Amino acid sequence: MNARKLAYLNALEIDVWQRREGGPEAAPPSVDSVTPIEVEPAPAPAGLENGAPAVAAGDLLSSDVSALSWNELESRVRGCTLCPLHVSRTQAVFGVGDRQADWMVIGEAPGADEDRQGEPFVGRAGQLLNSMLKAVGFKREQVFIANILKSRPPNNRDPRPEEVRACIPYLFRQIELVDPKLILCVGRIAAQTLLETDTPIGKLRGKLHHIAGGRPMVVTYHPAYLLRSPVEKRRAWSDLMLAVRTYEALGGKINS
């Protein structure tokens, strides 16, 4: 592990083992007498055909959405009134980032900060997501970030089924337009929605899934959850390593 990535992990308050040249992994020197905890290993992505059944994008794209360009799609989202959330929202949160990105990050729904600023993953959770991406060599502007819902549910409650049905065609059109090599799904609600399951997130992470025409997806914890449960950052790092290995197996290159 190079010094820069070790510094990023330290910034995330993740203690990791370092590999000695030509030898087995060994713990770095203890700081303040705290013993490092070994990061849970992530499985190698051997056999990209493995994983949960794919969610077919075509099944979720209505004909009037499937042909929309970026500008048409954004205009449709910002003026959408298909569910009652348009009444209480400040603005729709379309998504942000590189529209030809290799990585796409998908979360659940906008929160209060996102509703005010019109951009997904801002505030403390957004800062942690930025650090997570930076730890594996991506700047925020090098990925595309979106949510399943484009409008904030009142009091940050869980999305309702009818809201998901109204909004998710927009997300799947975004996936088609971006055409990412890898999807990073953050949080229980997003993962269960995209995989159409009620399996706990602890059993969904650590393995490779496929959605939207067989695109590989890695599930990890939501940054907001990691802020409340920092001990889980070690597992989140393991998930990021699985994402990196999958991406590299598909020919992608991570910045050094």
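Since every read-out is calculated from the coordinates, none of them should be taken as a lab result. Computed from a prediction, not measured in an experiment: that's the story for all the values here. Note: ideal-geometry Cβ built from the backbone for every residue, glycine included; neighbour counts use all protein chains shown.
Taking every pair of distinct Cα atoms and averaging 1/r, then inverting, what Kirkwood hydrodynamic radius in Å comes out for region 56-138?
It is 14.7 Å.
Among 152-165, 115-128, what's the highest-first ranking by average C-beta atoms within 10 angstrom per residue?
On the way: 152-165: 14.6, 115-128: 18.7.
Order by mean packing, descending: 115-128, 152-165.
Given bins 5 angstrom wide, list per bin the percent of all Cα-Cα distances in region 157-218, short to long.
4, 16, 29, 26, 19, 7, 0
What number do you get for region 139-256 when its Cα radius of gyration is normalised by 2.2 N^0.38 Å, N = residues? Intermediate values should be presented prior to the final figure.
On the way: Rg = 14.4 Å, N = 118, 2.2 N^0.38 = 13.5 Å.
For region 139-256, the normalised Cα radius of gyration is 1.07.
Once both labels are modelled 7 Å past Cα along the beta-carbon direction, what's the Lys207-Leu177 spacing in nm?
Taking the simple label geometry, Lys207 and Leu177 are separated by 3.3 nm.
Any idea what the dipole of region 128-256 comes to, in debye rounded to 20, about its Cα centre with Lys/Arg Cβ at +1 and Asp/Glu Cβ at -1? Intermediate values should be presented prior to the final figure.
Numbers: 21 positive and 11 negative charges, 78 e Å.
Dipole magnitude for region 128-256 comes out near 380 debye.
Label-point separation (nm) for Ala67 and Asp158, each offset 7 Å from Cα along Cα-to-Cβ?
3.8
Which trypsin sites (Lys or Arg not before Pro) from region 169-256 combine a DSSP loop assignment with at most 11 other Cβ atoms within 10 Å? Present the calculation step by step, with values, prior to reporting the outcome.
Details: sites: Arg173, Lys181, Arg188, Lys203, Arg205, Lys207, Arg228, Lys233, Arg234, Arg235, Arg245, Lys253; in loops: Lys181, Arg205, Lys207, Lys253.
The qualifying sites are Lys253.
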